[in-house]
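These notes are about the structure you will find just below.
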Amino acid sequence: MNIENIKARKSVRTYNEENISPEILEKIGEFIKKADNPFNIPIELRLLDANEHRLSSPVIIGAKKYVAGKYKKQINGEVAFGYSFEKFVLYATEIGLGTVWIAGTMDRKAFESAMDIKEGEIMPAVTPIGYKADKRSIRENIMRKAIKADSRINFDKLFFKNDFNTALNENEAGKWLIPLQMVRWAPSGVNRQPWRVVVEGDKIYFYEKRTKGYERDNVGDAQKIDLGIALCHFDIATREIGLKGHFYQDNPNIATPENTEYIATFGLGK
Ligand SMILES: Cc1cc2nc3c(=O)[nH]c(=O)nc-3n(C[C@H](O)[C@H](O)[C@H](O)COP(=O)(O)O)c2cc1C
């Protein structure tokens, strides 16, 4: 997974007839066994057959296979899930497959049954996998337009310097520019983009700016998943450009705006 895959990924909701070959399905099976994340929270991903389990989503056309994931409810579970699942999404992109994060618009009962969801387990999202059709469905086009899927909030509204009162412009982001651009291009539920970042020297603080009225209690705080996706993109980009660091939990002394919650810190070094 690399920066190219992050840039190339776009949601695919309309698939063509082509089957995924058994060899590629096998590769996927191997990949999903190692769904790691910086929180070391086990995330179980499964490859599912749409026909066999009668899986469907009102926004998806033509998907024959899905990958879904689950974890045991716990602190940081959503963020860990977001990280691990996005890693799979980017792997799928790398091998030429289309995906789309689906947390809401699906026959949840059918998916949860296929995933053997037990008491205390959460299945936040699924993705179809397959080959992109030549043309998007009309519904998909309308959806993308409605949620402005091709644009993102301006860089200097998402990222800050030392505190939340000082915007960070692209031309002052220095070595953090590409990793932050990769955060900015991350997918998020309803394209709400809840990630906020404060850069303080060699420390990067990630925050969640919760959208009012967007919490869903059956899958926890859904926007924390978006934060996990952001961490995944940041991690991949920093590695690729040779910045060695890691994520940890910190206690930043930074005043936070309303509805904004600290999630994790990235620091350079071991
Ligand atoms: C956690 C999460 C949940 C999502 N849930 C849905 C969903 O239920 N239905 C859907 O059509 N798209 C869903 N999406 C896809 C987003 O709408 C999409 O990523 C966003 O509009 C940006 O478009 P892009 O992925 O093409 O860049 C979800 C995305 C994320 C990250």
- When residues of the stretch 110-120 are limited to those that are in a helix (DSSP H, G or I) and not aliphatic (A, V, I, L, M), the one farthest from the ligand (Cβ to nearest atom): S113
- Message: Test of understanding: among A186, A222, A173, which residue is within 16 Å of the ligand (Cβ to nearest atom), closer than 20 Å to K7 by Cα and surrounded by 16 or more Cβ atoms within 10 Å (Cβ to Cβ)?
- Response: A186
- Item | Unmet criterion (only one of (1) within 16 Å of the ligand (Cβ to nearest atom); (2) within 20 Å of S188 (Cβ to Cβ); (3) touching a residue at least 60 places away in the same chain (Cβ under 8 Å); (4) not charged (D, E, K, R)) for G62 | (2)
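On the given criteria, is E86 under 22 Å from L227 (Cβ atoms), within 16 Å of the ligand (Cβ to nearest atom), of a type in the set (D, E, K, R) and in contact with a Pro (Cβ under 7 Å, 6 or more places away or on another chain)?
Numbers: under 22 Å from L227 (Cβ atoms): yes; within 16 Å of the ligand (Cβ to nearest atom): yes; of a type in the set (D, E, K, R): yes; in contact with a Pro (Cβ under 7 Å, 6 or more places away or on another chain): no.
Considered against the rule, which asks whether it is under 22 Å from L227 (Cβ atoms), within 16 Å of the ligand (Cβ to nearest atom), of a type in the set (D, E, K, R) and in contact with a Pro (Cβ under 7 Å, 6 or more places away or on another chain), E86 comes out as no.
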- Task: Considering only the stretch 150-170, state which residues are crowded, with 17+ Cβ neighbours inside 10 Å and within 11 Å of the ligand (Cβ to nearest atom).
- Result: R152
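Can you tell me which residue is nearest to the ligand (Cβ to nearest atom) among those in the stretch 1-24 that are surrounded by 13 or more Cβ atoms within 10 Å (Cβ to Cβ) and among the aliphatic types (A, V, I, L, M)?
Among them, the one singled out is V12.
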- Sort out which residues of the stretch 229-270 are touching a residue at least 24 places away in the same chain (Cβ under 8 Å) and part of a helix (DSSP H, G or I), and write them in order of number. I229, A230, L231, C232, H233, F234, D235, I236, A237, T238, E240
- Of the numbered conditions (1) buried (at least 19 other Cβ atoms within 10 Å of the Cβ); (2) within 16 Å of the ligand (Cβ to nearest atom), A237 satisfies every one except a single condition; which is it? (2)
- Message: Please determine whether any residue of the stretch 127-149 is more than 14 Å from the ligand (Cβ to nearest atom), touching a strand residue (DSSP E or B) at 6+ places or on another chain (Cβ under 6 Å) and among the acidic types (D, E).
- Response: no
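Among the candidates K27, K33, single out the residue that is surrounded by fewer than 18 Cβ atoms within 10 Å (Cβ to Cβ), in the same structural domain as K118 (by TED's automatic domain parsing) and free of Cβ contacts under 8 Å to residues at least 24 places away in the same chain. Give the steps one after another, and end with the answer.
On the way: K27 fails: free of Cβ contacts under 8 Å to residues at least 24 places away in the same chain.
The match here is K33.
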- Item | Flag for P194 being closer than 25 Å to R13 by Cβ, without any contact (Cβ under 8 Å) to a residue 40 or more places away in the chain and not assigned by TED's automatic domain parsing to the domain that holds A80 | yes
- Query: If we scan the stretch 119-139, do we find a residue that is modelled with pLDDT of 95 or more, hydroxyl-bearing (S, T, Y), surrounded by 15 or more Cβ atoms within 10 Å (Cβ to Cβ) and touching an Asp or Glu at 6+ places or on another chain (Cβ under 7 Å)?
  - Reply: yes
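The values are calculated or read from the model by the stated rules, or taken from the named source; none is laboratory data. Everything numeric here is computed off the predicted structure, so don't read it as measured data. Backbone-built Cβ (ideal geometry, glycine too); neighbour counts: all protein chains shown.
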